[in-house]
Amino acid sequence: MKHNLKLQIDYDLNFILIGIRSEIQDYQFAYFLNKSHFFSFHRMKTDVTYILNNKKIYFSAFEYVNAEQKRTTFLIKNKTTYDSPIDLSRSLFSESIGNAAFLIPELKEFDYLIKMVGIWKKEEFEELIKFLRTMNNVEPELNINLNRIKSINNLVF
């Protein structure tokens with residue numbers, strides 16, 4: 001007799017997630033965020049990887065560890081492009097098509113995600129949001145319900 005077992009993993013979603021709409025390049029965005037007193041982002045040694053259709057997709061990521069206040073913040077690119085080859089039988093030339101991939105597909109409207117792990121005082125958080133709203137070409141979104149995101153495991157690293 002066959003028994004099917006289903007593994008269910010409950011992640012500790014002990015972080016705040018801010019979605020950002022912005023066309024700014026990732027390194028420029030990190031640079032502008034570093035001009036504030038909130039962050040000092042550095043590019044992570046390895047990008048966040050995600051496998052889509054047996055192909056590794058890479059999302060740039062920056063990290064800021066504040067050991068004094070016991071919190072870590074990540075700036076992660078939510079959208080990236082990758083090449084997929086075209087079927088040669090339908091084309092005269094060897095070509096590839098650029099496709100878009102999202103780290104969190106449920107949040108396609110955001111170009112970047114800021115994952116904030118640790119404790120933030122209400123005043124600090126409000127000041128950070130105020131700073132984000134003053135930045136040119138940046139539109140932050142605060143009310144992201146982590147429980148509605150099916151692909152939340154992509155943010156567990």
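The values are calculated or read from the model by the stated rules, or taken from the named source; none is laboratory data. Only a predicted model underlies this, so the values are computations on that prediction, with no experimental measurement involved. Counting neighbours? That spans all protein chains shown, and the Cβs are built from the backbone with ideal geometry, glycine included.
Can you name the residue in segment 26-75 that is in contact (Cβ under 8 Å) with a residue 40 or more places away in the chain, outside any loop (DSSP other than H, G, I, E, B) and within 19 Å of N14 (Cβ to Cβ) and, of all such residues, is farthest from the chain's Cα centre (by Cα)? Steps first, please.
At the first step, the residues of segment 26-75 found to be in contact (Cβ under 8 Å) with a residue 40 or more places away in the chain are 26, 29-30, 32-33, 36, 38, 48, 50, 52, 57, 59, 66, 69-75.
Then drop every residue that is not outside any loop (DSSP other than H, G, I, E, B), which leaves 26, 29-30, 32-33, 48, 50, 52, 57, 59, 66, 71-75.
Pick out the ones that are also within 19 Å of N14 (Cβ to Cβ) and you get 48, 66, 71-75.
Working: V48: 8, N66: 19, R71: 17, T72: 14, T73: 11, F74: 8, L75: 6 Å.
Across segment 26-75, the extreme among qualifying residues is N66.
In segment 79-126, the residue that is nearest to F32 (Cα to Cα) out of those that are of a type in the set (D, E) and modelled with pLDDT under 75 is D83.
Across segment 1-35, the qualifying residues are those that are of a type in the set (S, T, Y) and at pLDDT 90 or above, and the one among them that is nearest to N137 (Cα to Cα) is S22. Give the residues of segment 129-152 that are more than 18 Å from N14 (Cβ to Cβ) and either surrounded by 15 or more Cβ atoms within 10 Å (Cβ to Cβ) or among the charged types (D, E, K, R) (or both), sorted by residue number. K130, F131, L132, R133, M135, V138, E139, P140, E141, K150 - these are the residues of segment 129-152 that are more than 18 Å from N14 (Cβ to Cβ) and either surrounded by 15 or more Cβ atoms within 10 Å (Cβ to Cβ) or among the charged types (D, E, K, R) (or both).
Can we say E109 is farther than 21 Å from M44 by Cβ and either within 11 Å of the chain's Cα centre (by Cα) or in contact (Cβ under 8 Å) with a residue 40 or more places away in the chain (or both)? Lay out the reasoning, then the answer.
On the way: farther than 21 Å from M44 by Cβ: yes; either within 11 Å of the chain's Cα centre (by Cα) or in contact (Cβ under 8 Å) with a residue 40 or more places away in the chain (or both): yes.
Against the criterion (farther than 21 Å from M44 by Cβ and either within 11 Å of the chain's Cα centre (by Cα) or in contact (Cβ under 8 Å) with a residue 40 or more places away in the chain (or both)), E109 qualifies.
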